[in-house]
């Protein structure tokens, strides 16, 4: 990551890995009306007897959970309001009981769900089973696991017995660091300092090699030990999916003062470079609008908001987001959240024919694709960091742009200096500041459409050749000054470190009013 190189004297390392992750377990046969009818047929239950049979199953689940709470010696409490902050309540119980490792408490609360019910159809005069929204009792088990740290399991007590499991990779990391005797400082779910950063990163990487089905099913059975018997004759085989994943990269600065100097610049530049196509490229999507390629999604949002810790930048598309904010004073966190993995691709065999050769398929929510999902999130954080960290604290504008403003001779040919305030040159530098160029670079056509929007209406005629020639000369000028380089084996160009710094500096300076510049100079 370029940020660690650029600010090497101000940071002592970074760790990256899973932060909060929410899993969902589904008994697939019971999750739809046809499957539920097949299960009832196998169990010898008629539709007219469904309600009584389902209520008995629910009673068995509640009794099993209550017995488990008694065996663990933890309180089982009913919460009247479903909107209550259950994590806060659980942490309060842990504090009261002095729980450091192990089970904390169980809660039961009425909450919405999707569940089967039998209705009479007036036209056919027959009973029908349908999946409908309703409310039922949910059981929560909060724990501070000796290996996985603080988390909870949430079980729907009415069929189809859906499960949610919430874990946090940072709490998991803390337990591992303790077991290895590695010193650290932890604040919430953030580590401002770790004595052995490579060891911490090794632990975070190791989390991705977890047997998720075994882990999550085991945590579920700790809440309801009789679940296998309750779903019999069906095998207890949940399909585990990741409803939401947060992948965080924490850059640990040596002091709060160092981050405070840098952070306003990063936040400001992040909002300047993060237009809609750029945000799409951060999240691995094809660029649109400015380059004229791809379909435009329904909504792309960017937001800069002041929180109690500081300012947070967030950009999101289709329920997926990338954001940056400061934590614990000295930690810069870059975080990608994926709620809708179908926007991404994974290299695998098709679901309908596993015998076919592997190809790029739509990413699934299932834990089988979790490793690829984390890889996509990690690259998103890196792209965002590289896009916003072009500027170095302590450098003057003259030092950054002065060299390129003078003529240069390359290969025996003299090239003019770049004038940042000339309309065409300023537009060119604004183009280079676009974060999406860090991924696939750009072609002559991309820069041409940016500098000369009217060129889009010309293809193959004399005017098109004229615009292409002017763009070629601009590219030659940028290469002569070392602001871009040609990508190997393709007709694409990528901004260099020098080009990114100059483009970012000019873009920032061009948006500051004169009065503010005078105040800063004073």
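Worth pointing out:
- Qualifying residues in the range 351-389 (those that are out of contact with any strand residue (DSSP E or B) (no Cβ under 9 Å at 6 or more places or on another chain) and under 21 Å from residue 265 (Cβ atoms)) - the one modelled with the highest pLDDT: 386
- Residue check, residue 231 touching a residue at least 24 places away in the same chain (Cβ under 8 Å) and under 30 Å from residue 39 (Cβ atoms): yes
- Of the helices (runs of 4 or more DSSP H) that lie entirely inside the range 1-81, those containing 3 or more residues that are modelled with pLDDT under 95 and farther than 30 Å from residue 234 by Cβ span 2-6.
- Check on residue 219, surrounded by 15 or more Cβ atoms within 10 Å (Cβ to Cβ), over 30 Å from residue 7 (Cβ atoms), in contact with a helix residue (DSSP H, G or I) (Cβ under 8 Å, 6 or more places away or on another chain) and not assigned by TED's automatic domain parsing to the domain that holds residue 3: no
- Taking the numbered list (1) more than 24 Å from residue 100 (Cα to Cα); (2) in contact with a strand residue (DSSP E or B) (Cβ under 9 Å, 6 or more places away or on another chain); (3) exposed (fewer than 13 other Cβ atoms within 10 Å of the Cβ) in turn, residue 146 passes all entries but (1).
- Some residue of the range 463-471 being under 29 Å from residue 388 (Cβ atoms), crowded, with 18+ Cβ neighbours inside 10 Å and at pLDDT below 85: no
Conditions (1) at pLDDT 95 or above; (2) over 25 Å from residue 93 (Cα atoms); (3) under 25 Å from the mean Cα position of the chain (by Cα); (4) in a helix (DSSP H, G or I), marked per residue:
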site: 127; (1), (2), (3), (4): no, yes, no, no
site: 147; (1), (2), (3), (4): yes, no, yes, no
site: 158; (1), (2), (3), (4): yes, yes, no, no
site: 167; (1), (2), (3), (4): yes, no, yes, no
site: 178; (1), (2), (3), (4): yes, no, no, yes
site: 191; (1), (2), (3), (4): yes, no, yes, no
site: 216; (1), (2), (3), (4): yes, no, yes, yes
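- Looking across 222, 244, one residue alone is part of a helix (DSSP H, G or I), closer than 22 Å to residue 148 by Cβ and in contact with a strand residue (DSSP E or B) (Cβ under 9 Å, 6 or more places away or on another chain). It is 222.
- Conditions (1) surrounded by fewer than 18 Cβ atoms within 10 Å (Cβ to Cβ); (2) modelled with pLDDT of 85 or more; (3) under 35 Å from the mean Cα position of the chain (by Cα); number of the one not met by residue 393: (2)
- Unmet criterion (only one of (1) assigned by TED's automatic domain parsing to the domain that holds residue 112; (2) out of contact with any helix residue (DSSP H, G or I) (no Cβ under 8 Å at 6 or more places or on another chain); (3) touching a residue at least 60 places away in the same chain (Cβ under 8 Å)) for residue 47: (2)
- Flag if residue 68 is touching a residue at least 60 places away in the same chain (Cβ under 8 Å), buried (at least 17 other Cβ atoms within 10 Å of the Cβ) and either assigned by TED's automatic domain parsing to the domain that holds residue 138 or within 24 Å of residue 228 (Cα to Cα) (or both): yes
- Any hit, the range 482-496, residues being in the same structural domain as residue 510 (by TED's automatic domain parsing), assigned to a helix (DSSP H, G or I) and out of contact with any strand residue (DSSP E or B) (no Cβ under 9 Å at 6 or more places or on another chain): no
- Hits in the range 170-185 (condition: surrounded by 14 or more Cβ atoms within 10 Å (Cβ to Cβ) and touching a strand residue (DSSP E or B) at 6+ places or on another chain (Cβ under 8 Å)): 170, 171, 172, 173, 174, 175, 177, 182, 184
- Count - residues of the range 247-282 that are outside any helix (DSSP H, G or I) and modelled with pLDDT of 65 or more: 9
- Selection over the range 71-88 of residues that are in contact with a strand residue (DSSP E or B) (Cβ under 7 Å, 6 or more places away or on another chain) and under 13 Å from residue 108 (Cα atoms) gives a count of 7.
- Cβ-Cβ under 7 Å pairs, at least 6 apart or on other chains, the range 377-406 side farther than 30 Å from residue 337 by Cα, far side outside any loop (DSSP other than H, G, I, E, B) and at pLDDT below 75: 397/509
- Qualifying residue in the range 424-439 (condition: surrounded by fewer than 22 Cβ atoms within 10 Å (Cβ to Cβ) and assigned to a loop (DSSP other than H, G, I, E, B)): no
- Hits in the range 328-348 - residues which are surrounded by fewer than 18 Cβ atoms within 10 Å (Cβ to Cβ) and either outside the structural domain of residue 362 (by TED's automatic domain parsing) or not in a strand (DSSP E or B) (or both): 329, 339, 340, 342
The values are calculated or read from the model by the stated rules, or taken from the named source; none is laboratory data. Note that this is a predicted model, so its numbers are computed, not measured. Heads up, the Cβs are rebuilt from the backbone with ideal geometry, glycines too, and the neighbour counts pull from every protein chain shown.
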